[in-house]
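Structure first, then comments.
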Amino acid sequence: MHTDVRRRTSALAVAAAAALALPLAACSSGNSAGDTGSSSAGNGEGTTVTVWSSVDQPVMDGLQAASDELTAGSDIKIEWQKVDNINQLIMTKLGAADAPDIALLPQPGVVADLVDRGGAYPLDDALDMASLKSSMVPGTLDAGTVDGKLYGLLVSMNVKGLVWYNKPAWDAAGYQAPTTIDELNALTEKIKSDGGTPWCMGIESDTATGWPATDWIETLVAKYGGADQYNQWVKHDVAFDSPLVKEAAGEFEKLMFTDGNVLGGRAAITSTNFGTAGTPMFADGGPQCWMYNQGSFITGFFPDAVKADLDANVGVFGFPAATAGGDNPVIGGGDLAVMLNEKATTAEAMKILSDVKIGEQAAPTSSFISPHKDFPMDLYPNQTTKDVASVAYASTAFLFDGSDQMPGEVGAGTFWKDMTSWIAGEEDLDTALKNIDASRPN
């Protein structure tokens with residue numbers, strides 16, 4: 001499972017493929033930043049640079065293999081250690097002077113917290129910033145930038161705002177991927193006039209119920225407002241109770257609340273699990289609903305027969321731009337590499353992690369997607385993954401998941417709760433947006 005949803009769905013254990021985390025004793029063994037046995041920076045002796053991460057095991061295995069190749073013949077070895085609950089663990093270990101050399105963190109807010117605590121070090125002088133700005137998807141460097149300096153380097157990413165469909169049925173019906181929101185609305189009406197139900201939708205996720213609705217709103221805010229207004233909204237410089245967010249919510253309402261648009265109707269959305277909401281697209285008698293807006297991880301929830309040949313069974317397009325030729329940002333998440341000491345060897349390891357080649361062993365055998373636009377597309381294991389990556393590479397900006405950047409009281413609190421209440425008809429939109437604004441800590 002991708003990093004942006006690990007925090008939200010950990011209670012459900014949906015990342016079944018992830019290996020068990022290493023015991024803390026192993027995690028804090030002799031290669032941590034506080035290990036006096038490691039050679040000092042720049043003394044010419046061999047040294048191990050320890051990287052902690054919670055990425056899925058196949059991704060980590062590929063990153064380890066690539067880093068072994070990229071460090072061959074040098075004095076540096078990068079040792080990857082898988083840890084659980086990394087956001088909390090890294091704070092504990094930092095306070096105990098027992099942190100690793102580098103940590104891959106799935107939330108920009110945690111990177112900022114480390115900077116505030118003096119535990120992270122800027123990367124601007126350690127990395128070739130001009131090369132990275134040319135190579136990486138626009139916006140990916142912004143995700144790890146704090147006070148104008150880069151502290152978190154995106155190493156792997158996932159993509160949201162993707163519309164999935166049953167490829168054979170879609171092609172037989174002659175439907176085309178829309179390029180604007182108006183075209184998406186027209187396609188919705190076309191499917192309905194053809195006798196189909198356009199949308200699959202579900203936001204139930206146990207204690208995290210509501211987060212799929214926040215992803216919808218984030219995507220629409222980005223499409224209507226562009227990168228600048230989106231980032232202002234995430235920082236609360238633009239309120240929830242604002243024309244921009246109301247425009248986004250209005251489009252969501254049009255697509256999701258209109259009679260006949262959603263399988264089961266509006267009333268079913270809050271009780272339908274996000275993981276199974278897309279399954280009716282692949283019903284034996286033909287799609288019971290035709291489109292499902294979800295992140296790149298959702299293919300792992302499709303029926304086994306569908307997953308057995310994704311390219312034959314599944315199609316995907318990026319949620320379209322508000323206007324033809326206009327800004328077309330994409331929402332996503334990923335893992336940000338943070339340097340936790342100033343050793344020269346740690347800086348050298350960061351250079352390895354910034355190399356486009358770092359993902360070349362992970363991509364063919366895992367869910368890894370590179371944030372580098374010049375990553376070799378033929379290394380991705382199937383056309384579906386290539387299509388997902390292409391959505392990000394063609395975007396005008398990559399914007400990190402908004403709720404993951406907001407204070408917890410909002411992003412994992414009222415934003416989830418009040419969107420759920422609004423969809424369920426328990427409160428109107430104005431009330432929901434005002435409630436979310438009021439929950440923002442001062």
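Worth a mention:
- Within this structure, SER439 passes the test of being of a type outside the set (Val, Ile, Thr) and more than 18 Å from SER135 (Cα to Cα).
- For the stretch 351-367, filtered to residues that are of a type outside the set (A, V, I, L, M, F, W, C) and part of a loop (DSSP other than H, G, I, E, B), the residue that is nearest to the chain's Cα centre (by Cα) is SER367.
- Considering the stretch 317-344, the residues that are open to solvent by less than 20 Å² (accessible area, probe 1.4 Å) and among the β-branched types (Val, Ile, Thr) include one that is nearest to TRP80 (Cα to Cα), namely VAL338.
- Residue within the stretch 378-386 that is surrounded by 20 or more Cβ atoms within 10 Å (Cβ to Cβ) and not aromatic (Phe, Trp, Tyr) present: yes
- Of the helices (runs of 4 or more DSSP H) contained entirely in the stretch 155-245, not one carries at least 1 residues that are among the charged types (D, E, K, R), closer than 20 Å to ASN293 by Cβ and touching a His at 6+ places or on another chain (Cβ under 9 Å).
- If the condition is being within 22 Å of ILE331 (Cα to Cα) and open to solvent by less than 10 Å² (accessible area, probe 1.4 Å), then the stretch 270-293 contributes PHE274, GLY275, ALA277, GLY278, MET291, TYR292.
- Tally, over the stretch 183-221, of residues that are touching a residue at least 12 places away in the same chain (Cβ under 8 Å), over 16 Å from VAL163 (Cα atoms) and small (Gly, Ala, Ser): 4
- In the set (1) among the hydroxyl-bearing types (Ser, Thr, Tyr); (2) at pLDDT 90 or above; (3) more than 30 Å from PHE274 (Cβ to Cβ), the condition left unmet by SER53 is number (3).
- Criterion: at pLDDT below 95 and open to solvent by 10 Å² or more (accessible area, probe 1.4 Å) - qualifying residue of ALA169, ALA173, ALA177, ALA112: ALA112
- Test result for SER74, among the polar types (S, T, N, Q) and more than 25 Å from the chain's Cα centre (by Cα): yes
The values are calculated or read from the model by the stated rules, or taken from the named source; none is laboratory data. The model shown is predicted, which means the values in this text are computed figures rather than measured ones. When we count neighbours, we look across all protein chains shown, and the Cβ atoms used for this are built from the backbone with ideal geometry, even at glycine. Areas reflect the complete protein model, heavy atoms only, side chains present, ligands, DNA and RNA absent. Shrake-Rupley method; radii C 1.70, N 1.55, O 1.52, S 1.80 Å.
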